[in-house]
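What follows draws every value from the coordinates through simple rules; no lab data is involved. Worth saying up front: this structure is predicted, and the values here are computed from it rather than measured. Positions of Cβ are generated from backbone atoms using ideal geometry, with glycine treated the same way; all protein chains shown enter the neighbour counts.
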Amino acid sequence: MATLCLFAQNKTFVYQLDYRYSDKKDDKKKETFTLDIVNQQSVFRTEDEKKSDSLLANGKYGYGTNLNLENQIYVIKDGDKNEISKFYRTLLKTYYDVKITEKLDWKILPDKDKIGDFEVQKAEVNYGGRNWTAWFTAEIPIPEGPYIFNGLPGLIVKVKDSRDDYDFTLKAVKKNTGDLYLKKRGLRIDYPTFKKIMMNHYNDPYTEARMANVPIAKDDGNGNPVRTTFTEMTPSVQKHIRDTNNPIELNYKNDYK
């Protein structure tokens, strides 16, 4: 990962992600993410995650998390260590730190265009079992971008995969407070290990809660809690995981049945 230049210090770049969360053509959503850069570190996460991290850093309660861990998008780039990591958090706040080792071998093309207010140039790369097209601008001379993407001679304004499953687009540039509110470091693992953990989570999504003797209840449809069991709740969680099984890293996609 290239070293960030002085322009990048204390900047926040707001991106919109348009994505397909399943293999069905019309299963699409939009979400707003922030890329916060302070000195040689950056963090890419949803706006809600950023608010949650800020609350936790100030001794308050954060927000809940996505039950499908593979759909959590939280990336930290460390320019000093030349490392990129994805962070995942379970329901009971077990943290996993997955180091990204796949290299980005960019091919910069002569094609140029204009996106919003920026003059941009085209580049292509393979990552995560997907082919990606990016548009970067030399007007913001930092080698950064959304998600794990970096290493081009200018900020990535837009990047999307060839299947039209994931499309990141820059929407705004702001100053930030200089505090990233980073999560605590989790258990460092690689992607193959994480894939196995995800399969175990699918097979028994309430393992942590059961071991911690966490009480469980469900809504009776009228806003009233009624007693239930983890066994009774498991099929609905498994269905949700199957129905949202379109991760960015297709090369590590689990076949849930």
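Does segment 199-248 come out rounded, prolate or oblate, given a ≥ b ≥ c as the square roots of the eigenvalues of its C-alpha gyration tensor, rounded meaning a/c under 1.5 and, failing that, prolate meaning a/b above b/c?
The shape class here is oblate.
Label points 7 Å out from Cα along the Cβ direction at Gln40 and Asn224: separation in nm?
In this crude label model, Gln40 to Asn224 measures out at 6.1 nm.
For Thr193, put the label point 7 Å out on the Cα→Cβ axis and report which residues of segment 69-102 keep their amide N under 18 Å from it.
70, 76, 83-90, 94-102
Using a 10 Å cut-off around each Cβ, can you sort Met199, Met211, Met233 from fewest to most neighbouring Cβ atoms?
Ascending Cβ contact count within 10 Å gives the list Met211, Met199, Met233.
Sort 219-230, 167-178 for me by packing, meaning the mean count of neighbouring Cβ atoms within 10 Å per residue, highest on top.
Result, highest mean Cβ count within 10 Å first: 167-178, 219-230.
Label Val214 and Leu92 with points 7 Å out from Cα along Cα→Cβ: what is the distance between them in nm?
0.7 nm
What nm distance separates the two modelled labels at Asp164 and Asn10, each placed 7 Å from Cα along Cα→Cβ?
The modelled label-to-label distance comes out at 4.3 nm.
Among Arg89, Arg20, which comes first, then next, by fewest other beta-carbon atoms within 10 Å?
Arg20, Arg89
At a threshold of 8 angstrom on Cα-Cα distance, excluding pairs fewer than six apart, so keeping six or more, what relative contact order does segment 199-248 reach in percent?
For segment 199-248, the relative contact order is 34 percent.
Tell me whether the chain comes out rounded, prolate or oblate; compute the Cα gyration tensor, take square roots of the eigenvalues as a ≥ b ≥ c, and use a/c under 1.5 as the rounded threshold.
prolate
Under a point-charge model restricted to the Cβ atoms of Lys and Arg (+1) and Asp and Glu (-1), what is the dipole moment magnitude of the chain relative to its Cα centre, in debye to the nearest 20?
Approximately 400 debye in magnitude.
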